[in-house]
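Below is one structure, written out as C-alpha cells; the observations come after it.
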C-alpha cells in the first residue's frame with residue numbers, strides 16, 4: 001500500500017461510503033495494512049504461475065498488453081487503482097470494464113432452441129493460444145520451477161496452432177476451438193475459465209480427451225461438447241447475461257474467457273499452452289448467434305484457420 005497515500009485515501013473515501021457493507025469491511029482492512037490474500041483468498045497455482053509469466057514478460061518486454069493484464073490481476077496497487085477507477089466511472093454513468101454480452105433466447109420447451117444463421121465469428125472475439133507455461137517436477141515452490149522458453153516438444157500443441165472464438169448457440173454462449181491438425185484435442189485436458197475484468201472466475205470447467213489428462217487436480221464442472229469435428233470442438237459456458245453479484249462483494253460482468261490446454265508429462269508438474277478472448281476496458285461486444293439442427297455440419301472460419309464440426 002506504499003503507493004496509496006493521503007491524496008488517494010481522500011479520493012477513495014466517498015467511494016468507500018457507497019460500497020456494500022461486506023466489501024467495505026474488506027477494503028477498510030486492506031487500507032489498514034491487511035493483505036490481498038486475506039481479503040480475496042490465497043492465490044491459486046494458476047494465478048501464481050501467471051505471476052511468473054508476468055515477470056518473464058517484464059524482463060523481455062515482448063507483450064505489453066499481457067503485462068498490464070497480469071499486473072492488474074496480481075498486484076494490489078493495480079487492484080486498488082482499478083476499484084477506484086471503476087467506482088468513479090460508475091458514478092459518472094460511463095462503462096468501467098469491457099463486457100461480453102449475448103442474447104439469452106426464451107426457451108418454450110426442454111429442447112434447446114437451435115434456430116439461427118450460419119456461423120460468422122467475430123474477429124474481436126477471436127484469439128490464438130499463444131503462450132506456454134511449463135513447470136518442472138521437484139521440491140520447493142512451483143513458481144520457482146517455471147521453465148523459461150520451453151522447447152516445443154514439451155508442449156501439448158504448437159503455439160498459435162489453436163484458435164478460440166466465442167459464439168452463442170442453443171441460447172447459451174459457447175467456446176469454439178479450431179486447431180491446425182486433425183484430432184489435436186483427443187488426448188488433452190481442456191480448461192475454460194470465464195472471468196470478470198479483474199479475473200474473478202464466473203465459470204470454471206474442464207474436459208478430458210483421455211482419462212487422467214487433467215491429472216486429478218483440476219476443479220470445476222465437466223464441459224459439454226456441443227459440436228465435434230476433425231479439427232474443431234465446441235464447449236458450453238455457464239454464464240448469465242448482464243451484471244451479477246460477486247462472492248467478495250460488489251458486482252461484475254463477463255469480460256474474458258481464458259483457455260488452457262494441458263497434457264501429462266513425465267518429469268513435469270505442468271505442461272500447458274494458453275490464450276484468452278478478452279474485451280478491452282470500456283468496450284461492449286456482442287457474441288454472434290448461429291444455428292443448425294442436431295446432426296448438421298457447420299463451418300467456422302477464424303481467418304488464420306478454419307474447420308467444420310457436426311452439431312451434437
| Could you say which residue among 154, 223, 246 is in contact (Cβ under 8 Å) with a residue 24 or more places away in the chain, in the same structural domain as residue 120 (by TED's automatic domain parsing), touching a helix residue (DSSP H, G or I) at 6+ places or on another chain (Cβ under 9 Å) and more than 18 Å from residue 288 (Cβ to Cβ)? | 246
| Condition broken by residue 93, with the remaining ones in (1) at pLDDT 85 or above; (2) farther than 27 Å from residue 165 by Cα; (3) loosely packed, with under 12 Cβ neighbours inside 10 Å satisfied | (1)
| request: Answer yes or no: is there a residue in segment 214-235 that is farther than 29 Å from residue 308 by Cα and at pLDDT 90 or above. | output: no
| message | Just to be sure I understand, how many residues within segment 289-306 are more than 23 Å from residue 100 (Cβ to Cβ) and crowded, with 18+ Cβ neighbours inside 10 Å? | response | 0
| said: Checking the conditions here, which among 273, 204 is outside any loop (DSSP other than H, G, I, E, B), assigned by TED's automatic domain parsing to the domain that holds residue 131 and surrounded by fewer than 19 Cβ atoms within 10 Å (Cβ to Cβ)? | reply: 204
| task | Quick one: count up the residues across segment 276-311 that are in a loop (DSSP other than H, G, I, E, B) and either over 18 Å from residue 173 (Cβ atoms) or not assigned by TED's automatic domain parsing to the domain that holds residue 191 (or both). | result | 10
| message | What's the total number of residues in segment 138-154 that are assigned to a loop (DSSP other than H, G, I, E, B), in contact with a strand residue (DSSP E or B) (Cβ under 6 Å, 6 or more places away or on another chain) and either over 27 Å from residue 223 (Cβ atoms) or at pLDDT 95 or above (or both)? | response | 1
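The values are calculated or read from the model by the stated rules, or taken from the named source; none is laboratory data. Quick caveat: nothing in here was measured; it's all calculated off a predicted structure. Ideal geometry is used to build each Cβ from the backbone, glycine not excepted, and the neighbour counts take in all protein chains shown.
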